[in-house]
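Before any comments, here is the structure.
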Amino acid sequence: MRMHLTIAPSRPSPRLLMQAPHRLMFFVGAANVLLAMAWWARWLVGTRWPEFATPATPVYAGWLHALIMQYLVLPSFIFGFLLTVFPRWMGQPELKRWHYVPVGAGVMGGQAALLLGACGWEVGFTVGLWMALAGWTAGLCILGRVLAADTTRCWHARSCFAALVLGWLGLAAFIAFALGASPMWAMASIKIGTFGLLLPVYITVAHRMFPFFAGNAVPGYKPWRPMAWLAAMWAGLMAHLALELAHAFAWLWLLDVPLLALSVLALWHWWPRGRMPGLLAVLFFGTAWLPITFLLYAAQSLVYLWSGEFVLGRAPAHALFIGFFGSVLIAMVTRVTQGHSGRPLVMPAVAWWAFVAVQVVAVMRVVAELRPDTMAWQVAAAIGWLLAFVPWVARLGHIYVSPRADGKPG
């Protein structure tokens, strides 16, 4: 009987992107993070300096920016991570190529079409939305099938899946707006993306993985992962989301103060007391932006209650998105990439550059809301984001199309 063997390329090849879900989805995410921010930086420049104005977008550009970042850029990495770890968390076989390729095609194709639509291709906006929803649906179906076969009662997997379901509903809400529904559907979509999708996924992964990573790297470390904390965070975020959707901004502090306390509590317990390697330290320094975020949200709400003004503007949201999401993204993707490519678990120089630069960008974007020429500061922050990510993304892209450094498959 003749046997057919699949031999992996021994040199860089795009075919290697199909060998593991994290390769494909992280490659998609890395490309998306640059394409999305390049367009956004260009739009900001055109807004600040009208002589460089860009074509009109199908919807308000700020909403389109929020849609792409929340439902396409970050979810590329999220799906890549979850499609890898879901079977491992629940003791099931690894997923095959046909499981994750449709997810990558939908997410990458969706963003490409949306950006082309933003640049003038009339049907691109509609095509992009439906491609994105198709990719999301494929991802939910695959992960849902793994979860349905779970016999271990893996609550972290259930938590992540619940957030993804909310994310699918948020994306569908934006499509409803694009089809003619009230603009309130678009606003709801943006809020759901933040408090229903991204924050629950991030805190769930942190709750499961950060103590595990620290326990493997710091002698004597005692992991702290009470499920009651995760449940309390979920409850607080859902209540915050409900008040956001009801426009009860003056009362958000009633939830943001407890969420601040919960985030400080977790950071206190998770933070190792001894020396820790850089690849671990960046996880906790990045997570330190979470209590800062809730402090800013609480202050915003209290000032609004007293004066009726949003004096901090989008500062709390960007402390969250750039500070917390951006920092932890760099830390987690670097760690997963190093480990799954057979490389040492250390922070490469370009990862340090990206992480430190993102801290500066986050501060710039928060301060921008308090400066006279806010738009110029936003332009500087957007360009700073690109400068932070380009070297890191270039290295990641090379790794994902290259064989593992240790010669193993995957």
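The values are calculated or read from the model by the stated rules, or taken from the named source; none is laboratory data. Everything quoted here is computed from the prediction, not taken from an experiment. Heads up, the Cβs are rebuilt from the backbone with ideal geometry, glycines too, and the neighbour counts pull from every protein chain shown. To get the accessible areas, we keep the full protein, side chains included, count just its heavy atoms, and leave off ligands, DNA and RNA. Shrake-Rupley method; radii C 1.70, N 1.55, O 1.52, S 1.80 Å.
For the chain, the per residue solvent-accessible surface stands at 43 Å², with DNA, RNA and ligands left out and a 1.4 Å probe. The label-point distance for Val311 and Ala181, in a model that sets each label 7 Å from Cα toward Cβ, rounds to 3.6 nm. Computed over neighbours whose Cβ is under 15 Å from that of Ile142, the net charge equals +2, Lys and Arg +1, Asp and Glu -1.
Using the Karplus relation 6.51 cos²θ - 1.76 cosθ + 1.60 with θ = phi - 60°, the per-residue 3J(HN,Hα) values for segment 87-92 come to x, 6, 4, 10, x, 10 Hz, with x marking Gly and Pro.
Converting the Cα gyration tensor eigenvalues of segment 278-410 into ellipsoid dimensions via √(5λ) gives semi-axes, longest first, of 35, 16, 9 Å. Measuring nothing but protein heavy atoms, the accessible surface of the chain at 1.4 Å probe radius is 70 percent carbon and sulfur.
The region of the chain that goes longest without hitting one of the trypsin sites (Lys or Arg not before Pro) in a DSSP loop, each with at most 11 other Cβ atoms within 10 Å, is 276-410.
With each label modelled as a point 7 angstrom along the Cα→C-beta vector, the Lys96-Arg48 pair spans 5.1 nm.
Based on C-alpha pairs under 8 angstrom that are at least 6 apart in sequence, the chain has a relative contact order of 17 percent.
Extension gain for the segment Thr151 to Ala38, taken as residue separation times 0.36 nm less the Cα-Cα distance, is 36.2 nm to one decimal. Residues of segment 53-76 with backbone nitrogen within less than 20 Å of a virtual label 7 Å along the Cα-to-Cβ line of Cys119, please, listed as ranges. In segment 53-76, the label zone of Cys119 (backbone N under 20 Å from the point 7 Å along Cα→Cβ) covers 53-70, 72-74.
For the chain, the spread of Cα coordinates along the three principal axes comes to 77, 54, 41 Å, biggest extent given first. Note on segment 84-221: Rg/Rh from Cα positions, Kirkwood definition for Rh, rounded to two decimals, is 1.05.
A protection proxy built from the mean count of other Cβ atoms within 10 Å ranks the segments 340-347, 368-375, 183-190, most packed first, as 183-190, 340-347, 368-375.
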